Amino acid sequence: MLGASCSQISFNLGNAIGAFVGGIPITYGFGYEYTVVPGVIFSFIGYLLLICFYNRYKAA
């Protein structure tokens, strides 16, 4: 039961962080087309983590 609730918490936290970071360019006066920039940064970080974990656990 606790594992399921932690999964839901992490999903909701990810949505909240994404909405907050996506709203930062709008707050600073950039247009709606600049909300994709934080998404690209998060995607690149996720890709780097994927490569890191792949290289770390490929021998296992």
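The values are calculated or read from the model by the stated rules, or taken from the named source; none is laboratory data. Since the model is a prediction, treat every value here as computed from it, not as a measurement. Here the Cβ positions follow ideal geometry from the backbone for every residue, glycine too, while neighbour counts run over all protein chains shown.
Descriptive notes on the structure:
- Any hit, region 51-58, residues being aliphatic (A, V, I, L, M) and modelled with pLDDT of 95 or more: yes
- Residue satisfying all of: in region 1-17; aliphatic (A, V, I, L, M) and modelled with pLDDT under 90; nearest to PRO38 (Cα to Cα) among these: ALA4
- A search for C-beta distances below 8 Å between a residue of region 40-60 that is under 23 Å from ILE17 (Cα atoms) and any residue that is part of a helix (DSSP H, G or I) and β-branched (Val, Ile, Thr), counting only pairs 6+ apart in sequence or on different chains, returns PHE42/VAL21.
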